[in-house]
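Here's the structure, in structure tokens; my notes come after.
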Amino acid sequence: MVPAARRLSFWRWGYEDVLPDPALLERTLASARAFFGEHAVSAEPRPAPRLEAISLPPPRVSLPAALAAFATIDPHERARHTLGRAYRDIVRGLACDFSCAPDLVAFPEDEADVARLVDHCAGARIAVIPFGGGSSVCGGVEPRVDGHFTGALSLDLSRMGRVLEIDAKSRAACIEAGAFGPAIEDALRPHGLTLRHYPQSFEVSTLGGWIATRSGGHFATLQTHIDDFVESIRVVTPKGTLESRRLPASGAGPQLERLYCGSEGTLGVITRAWMRLQDRPRFRASASLSASDFLAGARAVRALAQSGLHPSNCRLLDPVEAFTSRAGSGAEAVLLVAFESAHHEVDVDLERALACARDHGATLRESTTRDGERRPSQAENWRTAFLHAPYLRDALIQRGLLVETFETAVTWDRFDAFHTALHEETTRAVFERCGAGIVSARITHAYPDGAAPYYTVIAPAPRGHEVAAWDEIKTRVTDAIVRSGGTVTHHHAVGRDLRDAYAREVPREYREMLAAAKHAVDPAGILNPGVLLS
Ligand SMILES: Cc1cc2nc3c(=O)[nH]c(=O)nc-3n(C[C@H](O)[C@H](O)[C@H](O)COP(=O)(O)OP(=O)(O)OC[C@H]3O[C@@H](n4cnc5c(N)ncnc54)[C@H](O)[C@@H]3O)c2cc1C
């Protein structure tokens, strides 16, 4: 549950009372000026939008008295539930464009409330947009719904944020869908347990959102996505409540909970899930290595991913990314490797991994073993920058910079050509649209058969055309990804923004199967219309 004393910003990342570190912001702005020229960075930040200046469309629908008690038309809440947290959302927020605000925002306290709301909305043809932390970066929570609906209701699960039960014997917990990352870990810590799922958006995203988007955690190999931790799930649909059986594994047909992983609110409202847990790690060992360039580093990553060692971190930063995140000088690629365990020391694993990486051309820079002590400096610098990045990003956007990321995955046989083509096409698109720019890359997740490269774009945004410019760049990037055999998303989900590209990635028959599944539980089509499926 969001602590009552703290409010989440209605237009930018995170809590209203948290701002980026001023020294870091100044340093980053100075680098941007040095790189792009003085003109590229506004002297003053674009003013934050004020609620009073925003004209929200009048609500078109209302709820019966019994349901109205936990719904609101409060302008702060309607604005906060209008946009996700992608670059194009922050820019539209700064421009006070909240034109597709939900008519209502509901905060159910329990599953019965959810069921009654869904039931009413199905009868009244009100679109229901399930909402966790609202950190979607693909238009997943934006009530962009057509005239087929009488209105749109954003269904915010944040008041359903408890860890309900812990089964220590099976090492699993029943957790409500609206639980935010920190609340989950706070509840599990006293039991020596962890869900061990840390997306960068951990602070302001929820279990239900993670499952609905097949979120990718911070850990680079083995259990990378939330899917692996879902033991069973409970979902409210207009046709009733569905629950899958708690089982460690099953060969009985396609699994219900797997169908809901990645359903993005279109097949039902996830209300709770039994999640597989792990003992909290105590032993850690990490190292940073350098490689002559990104593709050379990728060869070491592939060797590690295929070694059977399963490092918890195996993150490759290209020279630019290493420089901007203060993990390296900018002359070489940096490979961060880490192991952790609750049960045994991991220095031997690290030694094996280092030998493997060295065999593939990487050079050791720093290595540390610890149990519970401070992280080594380069890994620590990288981690601090990583968690701080969203606050910093929005402050940079206020100064006129375009800052955005995208991600994908591809098999190793195509990796080099894929990355080279994608990097070139992105750079070309950024230069043509913005006149200058930096495109950096990292590998966030590594598999025996491929990897997930992740790209960051920083450029002077064309003033007044920020959204159009990014949309054009992203369209070209997405075309290049689909053309070259990658996926349109490794973990950011499809939402409304990538729906058409996703349609090019999967067979028509499969989309029809999904549509039929939706029709079976949501015949009126009220659940997050326009997301995933047209
Ligand atoms: C700065 C930043 C960093 C990010 N880092 C990562 C990262 O490291 N890894 C990653 O995977 N993603 C990342 N994301 C994307 C985003 O945080 C994830 O998609 C996350 O899983 C969304 O969780 P949420 O609770 O905020 O969901 P929301 O944004 O509220 O919703 C996302 C989608 O899930 C649906 N949904 C939400 N709750 C439910 C529910 N209970 N039942 C059914 N449907 C539901 C919504 O309708 C919507 O379609 C990042 C985003 C930002 C802005």
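The values are calculated or read from the model by the stated rules, or taken from the named source; none is laboratory data. What you see is a predicted model, and the numbers here were worked out from it, not measured in a lab. Virtual Cβ from ideal backbone geometry, glycine too; neighbours counted across all protein chains shown. Note: accessible area is taken over every heavy atom of the protein model, side chains too, but ligands, DNA and RNA are not part of it. Shrake-Rupley method; radii C 1.70, N 1.55, O 1.52, S 1.80 Å.
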Any lysines with Cα under 22 Å of the residue 518 Cα? List them, leaving off those in the same chain fewer than 8 positions away. 239
Shape category assigned to the stretch 102-255 from the gyration tensor of Cα positions, a/c cut at 1.5: prolate
Per the C-alpha gyration tensor (a ≥ b ≥ c, the square roots of its eigenvalues), the stretch 165-264 is rounded if a/c is under 1.5, else prolate if a/b beats b/c, else oblate; here it's rounded
What do you get for trypsin sites (Lys or Arg not before Pro) in the stretch 42-151 restricted to DSSP loop and a cutoff of at most 11 other Cβ within 10 Å of the site's Cβ? 50
Near residue 148, within a Cβ-to-Cβ distance under 14 Å, what is the net charge of the other residues, with Lys and Arg +1 and Asp and Glu -1? +1
So, counting K/R as plus one and D/E as minus one, what does the shell of residues with Cβ under 10 Å around residue 229 add up to? -1
Under the helix-only model (-39500 (n - 2.57) for each DSSP H run of 4 or more, divided by the residues of the chain), the mean residue ellipticity at 222 nm, to 500 deg cm²/dmol, is -10500 deg cm²/dmol
So, with a 1.4 angstrom probe, what is the percent of accessible area on the chain that is carbon and sulfur? 53 percent
Mean accessible area per residue over the chain (1.4 angstrom probe, all protein chains present, square angstrom) is 40 Å²
Over all Cα pairs of the stretch 237-313, how is the pair count split among 10 Å bins, expressed in % and running from 0 up to the last occupied bin? 12, 28, 21, 25, 13, 1
Loop trypsin sites (Lys or Arg not before Pro), the stretch 445-534 (other Cβ atoms within 10 Å of the site Cβ: 10 or fewer; DSSP): 463
Considering all alpha-carbon pairs of the chain, what whole percent are spaced by more than 30 angstrom? 49 percent
Evaluate the stretch 413-462: find the radius of gyration of its Cα atoms, find its Kirkwood radius, and give the ratio Rg to Rh. 1.06
Could you tell me which of rounded, prolate or oblate describes the stretch 1-61, using a ≥ b ≥ c as the square roots of the eigenvalues of the alpha-carbon gyration tensor, with rounded for a/c under 1.5 and, failing that, prolate when a/b is larger than b/c and oblate otherwise? oblate
Can you list which of the trypsin sites (Lys or Arg not before Pro) found in the stretch 183-245 are DSSP loop residues with at most 15 other C-beta atoms within 10 Å? 239, 245
